Amino acid sequence: MNQMLNRFKQLAFVGCCTLLISVSCYAQDQTVKVGVLHSLSGTMAISEDTVKNSTLLAIDQVNASGGVLGKKIVPVIEDGSSDPAIFSQKAQKLIQEDKVVTVFGGWTSASRKAMLPVFERFHSLLWYPVQFEGNECSSNIMYSGAQPNQQILPALDWAFEKGKKKVFLLGSDYVFPRTANLILKKHILKNGGVVAGEEYVPLGGTDFSAIITKIKIAKPDVVFSTVNGDSNVSFFKQLTAAGITQTQLPVMSFSIAEQEAKAMGPSLVNGSYTAWNYFQSLSNVKNKEFIAAYKAKYGKDAVLDDPMVHGYIDVLIWAAAVKKAGSFDPNAVRKAATQLGSIASPLGDIKFAENQSLYQTAYVGQLQPDGQIKVLWQSKGALHPDPYDALAFPGKTCVVK
């Protein structure tokens, strides 16, 4: 009798374990993991932490609407630590160990360049939300940030129209600023302008004293700045300390937006110019909904900027593409994303081109005392994305298959 009872207990235990395992497996089947990889520490944290936040907001919204293909999205968040080598390591960890189906993240071109071989080697897909220098085209990256013909070149055209043809080029010393300035120099000279100087500081650098002396001697009409991260705080402080006001010598920045202005203190950058594809001040229904949802989640004093909205829409477009493809397979998803057509977004109506970059409108704006940006100019409609500038990279085109 005792033997029968023990046998019954053993069977009951096994049955219970089997049931628990089944429940566990069932639960696992109802979720899908995605990677969120940004700098949450180091010099780029000032910009990237909020892009991570907007990405998580979009994931929350997709989950609230039922998820994608019947699965809830589970974000696996990693810190790239403002170090390209760590971005590469974390991308591989997300793909191999965490088994994510895609990754949203990156800011500097150095981080993207470091991650690119990983995504190509493992046939995975990165959604990259920030403007970049072009001269790159990979089927393993969806480039939702601006191409050079959608940001830096429209800003140059605007400056020339305003008579500012003597341009000083300043940047952090890595891929984006050096390639962007290569493109700018070609167009400045072609259009009869003058390159008054070209200087670089290390990413995260804080000493601009020698460069500001060179700027004062060169007497440019405008400084085009591709300085990234919290180096901008030191640059604008030292510029002000040197007695250079934005009225005397304006700075056109390509990495300062509402978030950076808030973090730096709006008075420090008041009156300076910036060029992006989105400003919080844009007036459309989707943008108002986005702003309200973000503030509800992260606080009423939060501000929104271009990379944040691109981090947000990347998730929504990925979810729409997965549904269209009926699959999480990266190859099927990236092809479906280019076949979605126009989508209403806080940026306005957008769509991915066949080269996996985004059609979008270019804006030039001016920083206001409250840290918001007043639109001064916008392109006539959405611009086709062109990764290869014809002057800087003649004969090169982007074709993904």
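Laid out as a table, the results:
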item	result
Helix 175-190 axis, angle to the chain major axis (alpha carbon atoms, nearest 10°)	40 degrees
The stretch 149-276 - percent of accessible surface contributed by carbon and sulfur, probe 1.4 Å	51 percent
Sum of side-chain charges, Tyr278 neighbourhood, beta-carbon under 12 Å (Lys, Arg +1; Asp, Glu -1)	-2
Area accessible to solvent at Cys137, 1.4 Å probe radius, in Å²	40 Å²
For the chain, built as a Gaussian network whose Cα springs stay under 10 Å, the top-fluctuating residue of Ala261, Ala325, Ala241	Ala241
The chain: antiparallel DSSP beta bridges as a percent of all, rounded to 5	30 percent
Ranked order, His310, His123 - accessible area, probe 1.4 Å, largest first	His123, His310
The stretch 149-276: C-alpha gyration tensor shape, a/c 1.5 cut-off, then a/b vs b/c	rounded
The stretch 349-372 and the stretch 247-317: distance between their alpha carbon centers, rounded to Å	11 Å
222 nm mean residue ellipticity, helices alone, for the chain (DSSP H n ≥ 4; -39,500 (n - 2.57); rounded to 500)	-14000 deg cm²/dmol
Which label in [x] -0.35, -0.86, -1.18; [y] -0.34, -0.77, -1.06; [z] -0.28, -0.73, -1.05 gives the computed log10 I(q)/I(0) by the Debye sum over Cα atoms at q = 0.07, 0.11, 0.13 Å⁻¹	[y]
Accessible area of the stretch 149-276 divided out per residue, in Å², using a probe of 1.4 angstrom	37 Å²
Top of Thr213, Thr245, Thr274 by mean-square fluctuation, Gaussian network on the chain, Cα under 10 Å	Thr213
Candidates Leu126, Leu304, Leu249: whichever shows maximal mean-square fluctuation once the chain is modelled as a Gaussian network with Cα springs under 10 Å	Leu249
Integer Hz, Karplus 6.51/-1.76/1.60 couplings in order for the stretch 132-145, x for Gly and Pro	8, 8, x, 6, 7, 7, 9, 6, 9, 10, 9, 9, 8, x
Relative packing of 50-56, 367-373, which averages over residues the other C-beta atoms within 10 Å, highest first	50-56, 367-373
Relative contact order for the chain, counting Cα pairs under 8 Å that sit 6 or more residues apart, in percent	18 percent
Solvent exposure of the stretch 25-144 as accessible area per residue, Å², 1.4 Å probe	33 Å²
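The values are calculated or read from the model by the stated rules, or taken from the named source; none is laboratory data. Fair warning: this is a prediction, and the values are worked out from it, not measured in the lab. So basically every Cβ, Gly included, is an ideal-geometry build from the backbone, and we count neighbours across all protein chains shown. For the accessible areas, the whole protein counts, side chains as well, though only heavy atoms, and no ligand, DNA or RNA atoms are used. Shrake-Rupley method; radii C 1.70, N 1.55, O 1.52, S 1.80 Å.
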